[in-house]
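Enquirer: Here's a structure for you.
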Amino acid sequence: NDGSNDAYDGGLDLSGFPNFSSATTEEGGREIVIGPATIGAVQVTRKIFVPADESFARFLEIVHNPGASAAAFSVDVYTNLGSDGDEEFVRTSSGDAAFTTADDWIITDDGSGGDPTLIHVVGGPGGAQRPSSVSFPSWGDEIRYAWALTIGPGETQIVMHFASQNPNTATALA
């Protein structure tokens with residue numbers, strides 16, 4: 001819900017995914033497994049891995065279709081960046097000033113140095129599917145991205161994305 005030094009005021013929420021009071025762990029307790037939750041025609045499980053020696057979290061959104069016909073599902077992720085409207089755009093993977101579905105990542109910072117610099121990784125080389133939508137409004141303080149999936153009967157698809165907190169812009173860019 002909240003990262004260190006007010007990095008988030010609700011981070012990496014998956015739209016429609018309910019709250020759970022318990023979860024299991026894997027990877028020596030470094031990965032939390034939440035779900036599955038039935039959302040419409042699909043079952044969704046979230047796996048969140050945080051390494052002991054790095055400042056990132058890896059999210060797996062595991063979507064399974066137990067039905068006999070294809071199902072559409074949108075993996076919609078929303079983050080309140082915690083900067084109360086002071087969040088500034090730093091850079092995207094394409095190097096321009098716009099966050100688009102062609103970008104693999106976006107770096108934001110609050111400008112004042114109070115909140116950590118944040119990276120959101122939404123794609124990468126060799127990825128099976130690009131996000132279907134992304135958004136970083138000009139007034140800042142939130143990021144949204146989504147992947148539109150069509151899951152065949154009995155099929156499972158996994159969307160992987162990352163978030164990282166950094167002490168400053170130079171560290172994030174490195």
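Enquirer: Please give the length that would be gained between Asp13 and Trp139 if that part of the chain were fully extended, namely 0.36 nm times their separation in residues minus their C-alpha to C-alpha distance (nm, one decimal).
Expert: Taking 0.36 nm per residue and subtracting the Cα distance, the gain is 43.4 nm.
Enquirer: Same structure again: Please report, to two decimal places, log10 I(q)/I(0) for region 12-113 at q = 0.14, 0.16, 0.18, 0.20 Å⁻¹ as given by the Debye formula with identical point scatterers on the Cα atoms and no solvent.
Expert: For region 12-113, the Cα-only Debye profile gives -0.76, -0.94, -1.07, -1.15.
Enquirer: Report the Cα centroid-to-centroid distance between region 69-98 and region 21-56 in angstrom, as an integer.
Expert: Region 69-98 and region 21-56 have Cα centres spaced 20 Å from each other.
Enquirer: From the Cα gyration tensor of region 71-174, with a ≥ b ≥ c the square roots of its eigenvalues, which class applies: rounded if a/c is under 1.5, or else prolate if a/b is larger than b/c, or else oblate?
Expert: In terms of gyration-tensor shape, prolate.
Enquirer: Roughly how large, in nm² to one decimal, is the mean projection of the convex hull of the alpha-carbon atoms in the chain?
Expert: 10.3 nm²
Enquirer: If you place +1 on the Cβ of every Lys and Arg and -1 on the Cβ of every Asp and Glu, how big does the dipole about the Cα centre of region 1-152 come out, in debye to the nearest 20?
Expert: Taking the Cα centre of region 1-152 as origin, the dipole is about 920 debye.
Enquirer: Another one. Per residue, how large is the accessible surface of region 52-151? Use a 1.4 angstrom probe and give square angstrom.
Expert: For region 52-151, the per-residue accessible area is 45 Å².
Enquirer: Tell me the accessible surface of Trp139 in square angstrom (1.4 angstrom probe, heavy atoms of protein chains only), to the nearest ten.
Expert: Accessible area, nearest 10 Å²: 140 Å².
Enquirer: Tell me, what is the percent relative contact order of the chain, built from C-alpha pairs under 8 Å that lie six or more residues apart?
Expert: With pairs under 8 Å counted, the relative contact order is 25 percent.
Enquirer: To continue, here is another question. Looking at the square roots a ≥ b ≥ c of the eigenvalues of the Cα gyration tensor of region 45-89, which shape do they give, rounded for a/c under 1.5, prolate if a/b is larger than b/c, or oblate?
Expert: Note, shape of region 45-89 comes out oblate.
Enquirer: Okay, which of region 123-165 sit inside 19 Å, backbone N to the point 7 Å along the Cα-Cβ direction of Ala70?
Expert: The answer is 128-133, 147-159.
Enquirer: A further question on this structure: Toward the positive end of the charge dipole of region 24-174, about the Cα centre and with charges on Cβ (Lys, Arg +1; Asp, Glu -1), which of Trp147, Tyr78, Ala102 goes farthest?
Expert: So the residue furthest toward the plus end is Trp147.
Enquirer: Quick one: in region 53-119, what % of C-alpha pairs are over 18 Å apart?
Expert: Here the long-distance tail beyond 18 Å is 57 percent of all Cα pairs in region 53-119.
Enquirer: Under a 1.4 angstrom probe, counting protein chains only, how are Ser138, Ser74, Ser22 ranked by accessible area, largest first?
Expert: Ranked list, largest accessible area first: Ser138, Ser22, Ser74.
Enquirer: To continue, here is another question. Per DSSP helix of 4 or more residues, -39500 (n - 2.57); summed, then divided by the residues of the chain. What does that give at 222 nm, rounded to the nearest 500?
Expert: -500 deg cm²/dmol
The values are calculated or read from the model by the stated rules, or taken from the named source; none is laboratory data. Just so it is clear, the structure is predicted and the values come from calculations on it, not from any experiment. So basically every Cβ, Gly included, is an ideal-geometry build from the backbone, and we count neighbours across all protein chains shown. Just the protein is used for accessible areas: all its heavy atoms, side chains included, with ligands, DNA and RNA removed. Shrake-Rupley method; radii C 1.70, N 1.55, O 1.52, S 1.80 Å.
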